[in-house]
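Quick one: this structure, given as structure tokens, is what I'll be asking you about.
The values are calculated or read from the model by the stated rules, or taken from the named source; none is laboratory data. Remember, predicted model here, so these are calculated numbers, not experimental data. Virtual Cβ from ideal backbone geometry, glycine too; neighbours counted across all protein chains shown. Please note that ligands, DNA and RNA were not included when accessible areas were found on the heavy atoms of the full protein model with its side chains. Shrake-Rupley method; radii C 1.70, N 1.55, O 1.52, S 1.80 Å.
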Amino acid sequence: KFTLLERDGFIVRMENHEAKIYGPMVLDLLSRAKSQLAAKYEVVLQEPIYVDIYPQQQDFAIRTFGLPGGAGFLGVCFGQVITMNSPASQGASPSNWQSVLWHEFCHVVTLSKTNNRMPRWLSEGISVYEERQAHPAWGQRMTLDFRKMILDEKELTPVSRLSAAFLRPKSANHLQFAYYESSLVVEFLIERHGLETLNRVLTDLGTGLTINDALERHVGSLRALDQE
């Protein structure tokens, strides 16, 4: 019973009432994200790209995970498909749907470039970084807890072990910090070594090279990178 909205290689499926309210804004944001991010990361995307926006969190969970739950997830990307919660589903703690959609579409770009062969920390780090680049109010920012964790050597995860921060976080806050730290690593790589170097790393991942080998090939030793 969802309305279908189509433009620029996107097929958006959303509840009829919501489509009337902000459906055109969804298409505008996706077209802008595609023109900016696909060019930035030198990707030609396969089309169509599907975006499903659910006003009921449980419907989102069943569509995404196959069972109810997943209350902590706002959106998920499966290559050419994005599923996400609409503002109507978020209760007392609403998030910015535009920021979430930009984040998830960035996953479409990076997963396409790497043929789905990239570690979670790099994928999430680029998406969070690109949120901040797109709008000053989007993406994660420094918090007091994050600052304490950065200054505590036991809490700060070296770049060479960032994947473990997502696989075995000590707490929900540690998982959120893993997203933030990963975005800072991406910001560092771009500022220190240039976007072209990051693109070369992503290209190598697409050919099957491991992340550590790709970083050493284009950035230098992992020990030096961890120190920097």
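Given the structure, is Ile126 closer than 18 Å to Ala214 by Cα and assigned to a helix (DSSP H, G or I)?
Working: closer than 18 Å to Ala214 by Cα: yes; assigned to a helix (DSSP H, G or I): yes.
When the stated conditions are applied, Ile126 passes them.
Let me ask something else about it. How many residues, within region 56-80, are open to solvent by 30 Å² or more (accessible area, probe 1.4 Å) and outside any helix (DSSP H, G or I)?
Looking only at that region, the number is 11.
Return the total of residues in region 202-228 being of a type outside the set (S, T, N, Q), without any contact (Cβ under 8 Å) to a residue 60 or more places away in the chain and open to solvent by less than 70 Å² (accessible area, probe 1.4 Å).
The number of residues fulfilling the criteria is 8.
Okay, next question. Looking at (1) surrounded by 13 or more Cβ atoms within 10 Å (Cβ to Cβ); (2) over 20 Å from the mean Cα position of the chain (by Cα); (3) not hydroxyl-bearing (Ser, Thr, Tyr), which is the only condition Arg132 fails?
Checking Arg132 against (1) surrounded by 13 or more Cβ atoms within 10 Å (Cβ to Cβ); (2) over 20 Å from the mean Cα position of the chain (by Cα); (3) not hydroxyl-bearing (Ser, Thr, Tyr), the one that fails is (2).
So Pro24 clears everything in (1) within 19 Å of the chain's Cα centre (by Cα); (2) assigned to a helix (DSSP H, G or I) except one condition, right? Which one?
All conditions are met except number (1).
List every residue pair whose Cβ atoms sit under 8 Å apart, with the two residues 6 or more apart in sequence or on different chains, where the first one lies in region 40-52 and is among the hydroxyl-bearing types (Ser, Thr, Tyr) and the second, anywhere, is in a loop (DSSP other than H, G, I, E, B).
Cβ pairs passing all conditions: Tyr50/Gln80.
Of these, Ala172, Ala137, which one is at pLDDT below 90 and surrounded by fewer than 19 Cβ atoms within 10 Å (Cβ to Cβ)?
On inspection, the qualifying residue turns out to be Ala172.
Can you name every one of the helices (runs of 4 or more DSSP H) wholly within region 137-228 that holds 3 or more residues which are among the small types (Gly, Ala, Ser) and out of contact with any Gly (no Cβ under 8 Å at 6 or more places or on another chain)?
Those helices (runs of 4 or more DSSP H) span 162-167.
Picking from Leu144, Leu156, Leu184, Leu195, which residue would you name as being touching a residue at least 60 places away in the same chain (Cβ under 8 Å) and surrounded by fewer than 20 Cβ atoms within 10 Å (Cβ to Cβ)?
Leu195
Select, from Gln90, Gln36, the only residue that is at pLDDT below 95 and closer than 25 Å to Tyr129 by Cα.
Sole residue among the options that is at pLDDT below 95 and closer than 25 Å to Tyr129 by Cα: Gln90.
May I ask you to list the residues in region 81-129 that are of a type in the set (Phe, Trp, Tyr) and either over 15 Å from the mean Cα position of the chain (by Cα) or within 27 Å of Glu18 (Cβ to Cβ) (or both)?
Trp97, Trp102, Phe105
Residues are listed down the side, and each one gets a yes or a no for (1) in contact (Cβ under 8 Å) with a residue 24 or more places away in the chain; (2) polar (S, T, N, Q):
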{"residue": "Ile62", "(1), (2)": "no, no"}
{"residue": "Cys77", "(1), (2)": "yes, no"}
{"residue": "Val81", "(1), (2)": "yes, no"}
{"residue": "Ser86", "(1), (2)": "yes, yes"}
{"residue": "Thr114", "(1), (2)": "yes, yes"}
{"residue": "Tyr129", "(1), (2)": "yes, no"}
{"residue": "Trp138", "(1), (2)": "yes, no"}
